[in-house]
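Participant: Below you'll find the structure I mean.
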Amino acid sequence: MAASTPVHTCARLRENLNRIIIGKTEAVDLVITALLANGHVLIQDVPGLGKTLMARALAKSIAAPFQRIQFTPDLLPSDLTGTSIYNEPKREFEFRHGPLFTSILLADELNRTTPRTQSALLEAMEERQVSVDGQTHPLPEPFFVMATQNPVEQQGVYDLPEAQLDRFLMQISIGYPAPEDEARIIRSQLEQRPIDGLEAVVTIEDIREARQEAARIHIDDTLVEYAVRLAEGTRNHPELLLGASPRASLSLVRAAQANSLLNGRDYVLPDTLKLLAPAVFAHRLVLKPHAALGGKTAIHLVRDLLDRVSLPLESA
């Protein structure tokens, strides 16, 4: 596989995913943005819209280790992290790695497992390590989690706690395809599944270099202050019980840098922050009961906040 610059890495990855995820360029860009920003992404949507397909296509596009975990109510934390097993000939315990020790992890239907098992992901997602029996084991670099959940099923599911949601850099929804795109999807699947022939177009080292380049993308101090003001606006919002944490404003800045690289720029535009804010902020917010009963959603409140918080004049 030929070496590439970070910009070429982004272009190859984007093109490969768009071959499989037809008509959903915005969702594809958000997933790549989260990957380049060293974050994780939660895909929440109804069945059949390509949540798992998105994760599989990303994994096949990168020459990197991949694991899929189907989360179920009987799954235990040790099923994810691994466990220590006694080696009789050596007369010592040896740690056997679980499926968390991979570069790209698909956590399918994350909300179907118990909170105890969900919590096994907290340390892995934030600190890129796993602690078992008093020993700390580092995870591979990169380590990227794509989790899916179905928002309409109520039986046998557990709400993700706020601490878990805060570990995801963004939450996205793929949504129904346009009629013409749906027809293209059907025609592409008649003879064989396109993903079966999908090949890797970038390497782990390409992703590492792209992440380093994304972290160097220039963002003006006034835009950093704008991100902080947006987060502060959620904390003081009369219809929100829980606002965005400092991790949220940091995530917005990192996502803006990564998205700028994806679009071939070496600086961040104000509109990039506005574009990404709903995906980065909304899943971290908790509405007050009267707001939820009134039909409002976190997405609505974030967009309302974007209309009310003015952009810095220098950057605008």
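The values are calculated or read from the model by the stated rules, or taken from the named source; none is laboratory data. All values derive from a computational prediction rather than experimental measurement. Quick reminder, even Gly has a Cβ in these numbers, built from the backbone with ideal geometry, and neighbours come from all protein chains shown.
Participant: Of the residues in segment 226-267, how many are without any contact (Cβ under 8 Å) to a residue 60 or more places away in the chain and hydroxyl-bearing (Ser, Thr, Tyr)?
Facilitator: 3
Participant: Restricting attention to segment 220-233, report how many residues are buried (at least 20 other Cβ atoms within 10 Å of the Cβ) and within 26 Å of Phe144 (Cβ to Cβ). If you could, list the steps in order and put the result at the bottom.
Facilitator: First, pick out the residues of segment 220-233 that are buried (at least 20 other Cβ atoms within 10 Å of the Cβ): 223, 226-227, 230-231, 233.
If we keep only those that are within 26 Å of Phe144 (Cβ to Cβ) too, we end up with 223, 227, 230-231.
Of the residues in that region, 4 qualify.
Participant: Of Ala282, Ala258, which residue is crowded, with 24+ Cβ neighbours inside 10 Å, touching a Ser or Thr at 6+ places or on another chain (Cβ under 8 Å) and aliphatic (A, V, I, L, M)? Even if it seems obvious, please write down each step before you answer.
Facilitator: On the way: Ala282 fails: crowded, with 24+ Cβ neighbours inside 10 Å.
Unique residue meeting the criteria: Ala258.
Participant: What number of residues in segment 261-301 are aromatic (Phe, Trp, Tyr) and in a strand (DSSP E or B)?
Facilitator: We begin by selecting, within segment 261-301, every residue aromatic (Phe, Trp, Tyr); these are 267, 281.
Remaining after also requiring in a strand (DSSP E or B): 267.
Looking only at that region, the number is 1.
Participant: Kindly indicate which of Thr72, Thr148, Thr117, Thr102 is crowded, with 21+ Cβ neighbours inside 10 Å, in a loop (DSSP other than H, G, I, E, B) and of a type in the set (Ser, Thr, Tyr). Before the answer, list the steps.
Facilitator: Details: Thr72 fails: crowded, with 21+ Cβ neighbours inside 10 Å; Thr148 fails: in a loop (DSSP other than H, G, I, E, B); Thr117 fails: in a loop (DSSP other than H, G, I, E, B).
Unique residue meeting the criteria: Thr102.
Participant: Kindly provide the set of residues from segment 60-70 that are among the hydrophobic types (A, V, I, L, M, F, W, C) and over 19 Å from Ser4 (Cβ atoms), ordered by number. Working first, answer last.
Facilitator: The first filter runs over segment 60-70 and keeps only residues among the hydrophobic types (A, V, I, L, M, F, W, C), leaving 62-64, 66, 69.
Selection gives Phe66, Ile69.
Yes/no per residue for (1) within 25 Å of Gly23 (Cβ to Cβ); (2) modelled with pLDDT under 95; (3) over 18 Å from the mean Cα position of the chain (by Cα):
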{"residue": "Ile186", "(1), (2), (3)": "yes, yes, yes"}
{"residue": "Pro194", "(1), (2), (3)": "yes, yes, yes"}
{"residue": "Leu198", "(1), (2), (3)": "yes, yes, yes"}
{"residue": "Arg211", "(1), (2), (3)": "no, no, no"}
{"residue": "Arg216", "(1), (2), (3)": "no, no, yes"}
{"residue": "Leu240", "(1), (2), (3)": "no, yes, yes"}
{"residue": "Ala244", "(1), (2), (3)": "no, yes, no"}
{"residue": "Arg254", "(1), (2), (3)": "no, no, no"}
{"residue": "Asn259", "(1), (2), (3)": "yes, no, no"}
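Participant: A follow-up question, please. What is the one condition in (1) assigned to a strand (DSSP E or B); (2) without any contact (Cβ under 8 Å) to a residue 40 or more places away in the chain that Ala183 does not satisfy?
Facilitator: For Ala183, the failing item is (1).
Participant: A further question follows. Quick one: would you say Leu275 is within 26 Å of Glu26 (Cβ to Cβ), surrounded by 16 or more Cβ atoms within 10 Å (Cβ to Cβ) and in contact (Cβ under 8 Å) with a residue 24 or more places away in the chain?
Facilitator: Values: within 26 Å of Glu26 (Cβ to Cβ): yes; surrounded by 16 or more Cβ atoms within 10 Å (Cβ to Cβ): yes; in contact (Cβ under 8 Å) with a residue 24 or more places away in the chain: no.
No.
Participant: In this structure, is Thr52 over 25 Å from Arg216 (Cα atoms), of a type in the set (Val, Ile, Thr) and not in a helix (DSSP H, G or I)? Steps first, please.
Facilitator: Values: over 25 Å from Arg216 (Cα atoms): yes; of a type in the set (Val, Ile, Thr): yes; not in a helix (DSSP H, G or I): no.
The answer is no for Thr52.
Participant: I've got another one for you. Here are the criteria: (1) modelled with pLDDT under 95; (2) surrounded by fewer than 20 Cβ atoms within 10 Å (Cβ to Cβ); (3) closer than 23 Å to Glu162 by Cβ. Tell me which single one Ser315 does not satisfy.
Facilitator: That leaves (3) as the condition not met.
Participant: For Glu199, indicate whether it is surrounded by fewer than 16 Cβ atoms within 10 Å (Cβ to Cβ), free of Cβ contacts under 8 Å to residues at least 60 places away in the same chain, closer than 25 Å to Thr5 by Cβ and out of contact with any Phe, Trp or Tyr (no Cβ under 7 Å at 6 or more places or on another chain). Steps first, please.
Facilitator: On the way: surrounded by fewer than 16 Cβ atoms within 10 Å (Cβ to Cβ): yes; free of Cβ contacts under 8 Å to residues at least 60 places away in the same chain: no; closer than 25 Å to Thr5 by Cβ: yes; out of contact with any Phe, Trp or Tyr (no Cβ under 7 Å at 6 or more places or on another chain): yes.
No, not satisfied.
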